[in-house]
Amino acid sequence: MSIVRDFRQRFAFLLLSLLLALHGPATGAWAASAELAARTCKQVSTCEDAVILWCNGHRRADGDGDGIPCENVCSTREQVNEIRRVIGC
């Protein structure tokens with residue numbers, strides 16, 4: 001099972017790296033998106049990282065569908081929405 005997870009993480013990283021290369025250099029919070037793509041909720045340490053992960057397509061970050069990704073670091077929907085507003089997601 002870890003081989004599949006490792007493949008998925010590497011694929012996500014490579015895909016985001018390719019997208020960033022095609023669309024020019026990223027700035028601000030999105031600059032770290034390729035690095036975050038290979039992470040899971042257990043591996044993020046801030047709500048901002050969790051929201052970036054979620055906005056970049058890691059839909060399992062909000063497993064219960066309540067609009068709050070990675071509830072181990074994000075507490076409220078208001079907090080998540082403010083971060084989304086700031087980073088443009």
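Read-outs: derived from the displayed coordinates by stated rules, not from any lab. Quantities reported herein were computed from a predicted structural model and do not represent experimental measurements. Ideal geometry is used to build each Cβ from the backbone, glycine not excepted, and the neighbour counts take in all protein chains shown.
Quick look at the numbers
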quantity	calculated
Relative exposure of E82, E71, E48, judged by other C-beta atoms within 10 Å (fewest first)	E82, E71, E48
Additional length obtainable on full extension of the chain from D64 to K42, 0.36 nm per residue less Cα span	6.3 nm
